[in-house]
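Some notes on the structure that comes next.
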Amino acid sequence: VRTLRLGLDLGGTDAKVAVLDGEAVLATASAPNGAAPGREEAALAALAELGLRTAAPFGRLASAGLALPGHFDAERGTGVLLPNLPGAWVDRPIAGPVAERLGLPVALVNDVRALTLAELRLGAGAGARDVVCVALGTGVGGGIAIGGALHLGTGHAGEIGHVTVDPEGPLCGCGNRGCLDRMASAAAIAADAGRATVADAAAAARAGDPAALAAFARAGERVGRVLAAAVVLLWPERVIVGGGVAAAGEVLLGPLRAELRRRACVAPVATLPVLPARLGAHAGAVGAALWGSEAASGTSDRGRGTDR
Ligand SMILES: [Zn+2]
């Protein structure tokens, strides 16, 4: 008998879905998210439909989870802080309208926490219980697993992107200055390298361009320094680096590892694996499916994740 789990990931650009049977990924799909001012309801409806269409060949769904690129109120199922999602999402019901279309309760989860859960169970973290994850992309997100479960603290634990790198740095959307999110984002690296996009910067770095190499080295160093603080605090078994920017590879990961090892002296960092994420673009949707299933079975605390 199959236990079909649906995962939905409403990203800043694309909507992605994954259908799991237990921990086996049966199908994935993606489409433009369709989100725009005045189109929020339509975007949620399209996401639910994409999920239903993808799951239809496999049978009846048992649970569902929905990953969002920011903060939400887990109890009310509403948006709180979703700056990267086009449209008006603050206080908007999100879980309810999707649940109504699916005919199932929908558990909300932050997209990078979802990625962390997916990597913990099925990816680079498989077999480990204590993991720190960072995702480098449009912004910088994070997630923590402790004792084999996603750790959310009193709400949104894992916000590694809002650790201060430079007290005098650029203003961040969170209100602080010089957050890692602003100092190692795709846009920050591209600007530092003097290129239009981070993909251009990565291509230039691979071709040996000194300015591009230096930009990735600086970003890697910043991420490594913040990860060193997390490692000193948490002593994880593995560190996982995901997100589109991480595709740049060793030009970023080399300086990141070097700085992490230089700074986290008190922890057993010489033997700490720093691994690229393994699950690719649908990791958020896969993690949302796992989260939805844990919420449905009561093994996670759904009441958490609420901003107070
Ligand atoms: Zn910030």
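The values are calculated or read from the model by the stated rules, or taken from the named source; none is laboratory data. Please read these numbers as outputs of a predicted model, since none were measured by experiment. Counting neighbours? That spans all protein chains shown, and the Cβs are built from the backbone with ideal geometry, glycine included. Ligands, DNA and RNA are stripped out before the accessible areas are found, and what is left, the full protein with its side chains, is counted by its heavy atoms. Shrake-Rupley method; radii C 1.70, N 1.55, O 1.52, S 1.80 Å.
Condition first: of a type in the set (A, V, I, L, M, F, W, C) and assigned to a loop (DSSP other than H, G, I, E, B). Now tell me which residues in the range 231-246 satisfy that. Scanning the range 231-246 gives a single hit, W235.
Residue-wise test of (1) in contact (Cβ under 8 Å) with a residue 12 or more places away in the chain; (2) acidic (D, E).
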position: G22; (1), (2): yes, no
position: E40; (1), (2): yes, yes
position: L50; (1), (2): yes, no
position: A56; (1), (2): no, no
position: A64; (1), (2): yes, no
position: P69; (1), (2): yes, no
position: G87; (1), (2): yes, no
position: L117; (1), (2): yes, no
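Would the range 205-223 turn up any residue that is of a type in the set (K, R) and away from the ligand (no atom under 16 Å from the Cβ)? There is at least one residue in the range 205-223 that is of a type in the set (K, R) and away from the ligand (no atom under 16 Å from the Cβ). Condition first: closer than 13 Å to I94 by Cα, acidic (D, E) and out of contact with any Gly (no Cβ under 6 Å at 6 or more places or on another chain). Now tell me which residues in the range 37-56 satisfy that. Of everything in the range 37-56, just one residue is closer than 13 Å to I94 by Cα, acidic (D, E) and out of contact with any Gly (no Cβ under 6 Å at 6 or more places or on another chain), namely E41.
Looking for something at pLDDT below 95, over 19 Å from E23 (Cα atoms) and of a type in the set (S, T, Y) - is there at least one such residue anywhere in the range 135-152? Yes, the range 135-152 has at least one match. For the range 149-176, the candidate set comprises residues that are among the charged types (D, E, K, R) and over 20 Å from N84 (Cβ atoms); within that set, the residue that is nearest to the ligand (Cβ to nearest atom) is D166.
Within the range 115-138, restricting attention to residues that are open to solvent by 20 Å² or more (accessible area, probe 1.4 Å) and outside any helix (DSSP H, G or I), the residue that is nearest to the ligand (Cβ to nearest atom) is T138. Filtered by the rule that a residue be of a type outside the set (D, E, K, R) and either outside any helix (DSSP H, G or I) or out of contact with any strand residue (DSSP E or B) (no Cβ under 9 Å at 6 or more places or on another chain) (or both), the range 37-57 gives P37, G38, A42, A45, A56.
Here A196 meets each of (1) within 12 Å of the ligand (Cβ to nearest atom); (2) more than 21 Å from C133 (Cβ to Cβ); (3) small (G, A, S) with one exception, condition (1). So, in the range 272-301, of the ones that are among the polar types (S, T, N, Q) and at pLDDT below 95, which residue ends up surrounded by the fewest Cβ atoms within 10 Å (Cβ to Cβ)? Per the criteria, the residue is T299.
Do we find that G143 is surrounded by 24 or more Cβ atoms within 10 Å (Cβ to Cβ), out of contact with any Lys or Arg (no Cβ under 6 Å at 6 or more places or on another chain) and on the phi < 0 side of the Ramachandran plot in this structure? So G143 fails the test.
The residues of the range 59-96 that are surrounded by fewer than 18 Cβ atoms within 10 Å (Cβ to Cβ) and assigned to a helix (DSSP H, G or I) amount to a single one, G96.
For the range 154-175, the set of residues classified as touching a residue at least 60 places away in the same chain (Cβ under 8 Å) and either hydrophobic (A, V, I, L, M, F, W, C) or open to solvent by 10 Å² or more (accessible area, probe 1.4 Å) (or both) consists of T154, H156, I160, V163, V165, G173, listed by residue number.
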